[in-house]
1. Considering each residue of the range 18-59, count those that are open to solvent by 70 Å² or more (accessible area, probe 1.4 Å), closer than 22 Å to Pro92 by Cα and either touching a Leu at 6+ places or on another chain (Cβ under 7 Å) or modelled with pLDDT of 95 or more (or both), and give that number.
2. Those residues that are open to solvent by less than 80 Å² (accessible area, probe 1.4 Å), out of contact with any Ser or Thr (no Cβ under 7 Å at 6 or more places or on another chain) and either among the hydroxyl-bearing types (Ser, Thr, Tyr) or free of Cβ contacts under 8 Å to residues at least 24 places away in the same chain (or both), I need them from the range 86-100; list them, please.
3. Keeping to the range 1-44, report how many residues are part of a helix (DSSP H, G or I), small (Gly, Ala, Ser) and more than 18 Å from the chain's Cα centre (by Cα).
Amino acid sequence: MGMLPIDSLEVGMVLANDVLDRTGRMLLGAGAELSQKHLTIFRTWGVVEADIAGIDYVNDESPLPAEVDPAALATAEEELQPLFSYAGTDHPALRELLRLAAIRRVQHGLR
């Protein structure tokens, strides 16, 4: 599945699945080629991502902010890991929550 965030969509990409708004109303059908007008409509109706044809995998991890040192991030994640001891980080949402908490700790110097 090639789910891409709305900011990564480009004119000319082809949808693999229908795009629905937050209420489930179809905005654009599978197989449609994206135009600038479609991207504007998606943003207007709160679409956050779309499944794009020809993309099998997208790295789930967003890039680090420029001011975050990867070594400091790894240290912060290690320090925060005990907070996830009962919930674990097997689920992608919890993994992302740990990563975001570590980024915030590095950016704001929290301890």
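The values are calculated or read from the model by the stated rules, or taken from the named source; none is laboratory data. Just so you know, these numbers come straight off a predicted model, no measurement behind them. All Cβ positions, glycine included, derive from the backbone under ideal geometry; neighbour counts span all protein chains shown. Side chains are part of the model used for accessible areas, which takes the heavy atoms of the whole protein and leaves out ligands, DNA and RNA. Shrake-Rupley method; radii C 1.70, N 1.55, O 1.52, S 1.80 Å.
1. 1
2. Keep residues of the range 86-100 that are open to solvent by less than 80 Å² (accessible area, probe 1.4 Å), which gives 87-89, 92-94, 96, 98-99.
So of that shortlist, the ones also out of contact with any Ser or Thr (no Cβ under 7 Å at 6 or more places or on another chain) come out as 87-89, 92-94, 96, 99.
Those that are open to solvent by less than 80 Å² (accessible area, probe 1.4 Å), out of contact with any Ser or Thr (no Cβ under 7 Å at 6 or more places or on another chain) and either among the hydroxyl-bearing types (Ser, Thr, Tyr) or free of Cβ contacts under 8 Å to residues at least 24 places away in the same chain (or both): Ala87, Gly88, Thr89, Ala93, Leu94.
3. Taking the range 1-44 as the starting set, the residues that turn out to be part of a helix (DSSP H, G or I) are 6-8, 36-44.
Now drop any that are not small (Gly, Ala, Ser), which leaves 8.
After this cut, where a residue has to be more than 18 Å from the chain's Cα centre (by Cα) as well, the list is none.
Residues flagged as part of a helix (DSSP H, G or I), small (Gly, Ala, Ser) and more than 18 Å from the chain's Cα centre (by Cα) within the range 1-44 amount to 0.
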